[in-house]
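A short worksheet on the structure shown next.
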Amino acid sequence: MVVEQQKTEKTLNPTAIGLRPGLEGVPVSQSSICDIDGIKGELTYRGYPIAELAAQSSFLETTYLLIWGELPSTQQLRDFEREVQMHRRVSFRVRDMMKCFPATGHPMDALQSSAASLGLFYSRRAIDDPQYIYDAVVRLIAKIPTMVAAFQLIRKGQDPIQPRDDLAYSANFLYMLTEREPDPLSARIFDRCLILHAEHSLNASTFSARVTASTLTDPYAVIASAVGTLAGPLHGGANEDVIKMLEEIGTPENASSYLNEAISNKRKIMGFGHREYKVKDPRASILQSLAEELFARFGKDNMYEVALALEEAAESHLGKKGIFPNVDFYSGLVYRKLGIPKDLFTPVFAISRVTGWLAHWREQLGANRIFRPSQVYTGEKPRQWKPAEERSST
Ligand code: SDX
């Protein structure tokens with residue numbers, strides 16, 4: 001039986017009562033991890049421009065930078081890479097648990113559950129111990145890709161394949177996912193995608209991670225809560241929906257009418273708009289060029305023409321409101337060309353963003369106070385309980 005909510009709440013003007021819906025423009029923490037200039041379309045990680053990192057760095061080097069604040073020396077990077085490599089395997093218990101998940105379940109739900117399950121194996125909450133923090137970082141960076149790839153094979157009725165020690169981080173993930181060793185260009189482009197998605201200040205999932213971290217719970221719960229938050233279509237889930245939308249549009253000629261119809265029905269164009277950027281997201285431009293690199297080597301994708309037509313049509317309609325492509329608009333086209341299934345686009349985002357979540361976890365612990373905002377109560381005044389037979393039905 002469905003019980004409808006009684007509509008007795010007053011609706012107050014949010015501004016008049018000092019509310020900022022969605023916390024727009026409300027600073028809730030200090031951070032030195034990343035900086036966004038949404039007017040100029042600039043993004044830096046620890047002061048380094050994103051384009052430079054995406055061109056020159058590796059995902060694990062960028063991870064080291066974001067989490068510990070400085071680029072590693074050659075030896076520090078070598079040690080970090082080796083330790084991540086050593087922790088890539090997941091327990092057979094985790095794999096067996098994943099075999100009990102419904103094959104039709106969404107991979108983000110599988111990832112959220114498996115990430116949370118790591119807390120059962122490493123539950124010591126010694127979060128004031130630097131070694132515990134280091135080990136948790138290494139384990140999560142190492143195991144999340146293995147779990148994403150494992151679920152992909154398990155849901156197809158196959159056994160997950162073990163990581164290969166001779167393959168670097170990104171090449172190994174593509175190998176575990178597709179059972180084929182990727183060519184160097186594909187592996188490098190995937191690694192660059194991971195760099196681009198690694199961190200983005202206080203987005204919804206990172207805020208979620210910091211709120212969870214502020215209770216001093218374990219890092220696996222922090223990451224699981226962030227994965228759940230990333231999954232939504234207004235956030236990381238948009239990359240999957242963008243490809244569905246482009247497929248629905250079908251041809252470049254249909255882009256303009258699709259856009260007009262969506263706007264007049266107040267439907268959002270997936271992969272467009274951003275709370276921080278009022279220009280095209282710098283990551284979207286880089287992802288677009290990565291897609292073009294792949295198309296030049298492996299052949300075009302018809303959906304790219306549709307995406308270009310949609311971006312062009314949107315410019316005149318949405319551009320004046322500061323609504324442009326965001327990170328999720330072109331990433332799916334890259335992943336598609338790499339042979340990654342649509343419903344793994346958001347888990348792939350999570351593989352990368354675990355870096356940002358962990359950097360914020362550390363930062364939160366460094367100056368912690370539990371998050372506990374207030375509310376403006378708009379419900380009933382105090383009233384008296386009545387026995388059921390004396391209640392009027394609503
Ligand atoms: C990510 O925050 C981050 O940093 C996130 C992220 C990261 O790296 O972590 O960058 C990753 O989550 C990217 C965003 C992915 N989501 C989508 O692509 C879904 C589509 N976009 C949106 O729904 C929206 O733009 C958001 C969620 C991204 C931002 O939401 P806001 O800031 O709350 O803006 P809003 O929904 O209040 O919109 C403001 C106005 C509205 O018009 P008006 O009522 O003022 O006339 O802009 C319009 C909206 O209707 N608008 C859009 C639109 N996005 C905003 N209109 C059409 N299509 C859109 N996509």
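Only the coordinates and a few stated rules stand behind these numbers; no lab work does. The model shown is predicted, which means the values in this text are computed figures rather than measured ones. Methodologically, a virtual Cβ is constructed for each residue, glycine included, from the backbone with ideal geometry; neighbour enumeration extends over all protein chains shown.
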Is the shape of segment 90-186 best called rounded, prolate or oblate, per the rule: a/c under 1.5 gives rounded, else a/b larger than b/c gives prolate, else oblate, with a ≥ b ≥ c the square roots of the Cα gyration tensor eigenvalues? oblate
Here P(r) for the chain, Cα-Cα distances in 10 Å bins, as whole percents, is 4, 21, 30, 24, 13, 5, 1, 0
For the ranges 348-361, 310-323, what's the packing order if you count other beta-carbon atoms within 10 Å of each residue, average per peptide, and put the highest first? 348-361, 310-323
Using the Cα gyration tensor of segment 238-337, with a ≥ b ≥ c the square roots of its eigenvalues, what is the shape: rounded (a/c below 1.5), prolate (a/b larger than b/c) or oblate (neither)? oblate
What is segment 291-356 by shape, rounded, prolate or oblate, if you read a ≥ b ≥ c off the alpha carbon gyration tensor as root eigenvalues and call it rounded for a/c under 1.5, prolate for a/b larger than b/c, and oblate otherwise? oblate
Treating cross-link reach as a plain straight distance, find the lysines whose alpha-carbon is under 18 Å from the alpha-carbon of K381, omitting any fewer than eight places away in the same chain. K7, K10
4 °C / 1.567 mPa s Stokes-Einstein diffusion coefficient of segment 152-284, Kirkwood radius on C-alpha pairs, µm²/s: 72 µm²/s
Measure up K156/K268; K244/K280; K278/K337; K156/K266; K40/K320 against 27 Å on the Cα-Cα distance and list the ones that go over. K156/K268; K278/K337; K156/K266
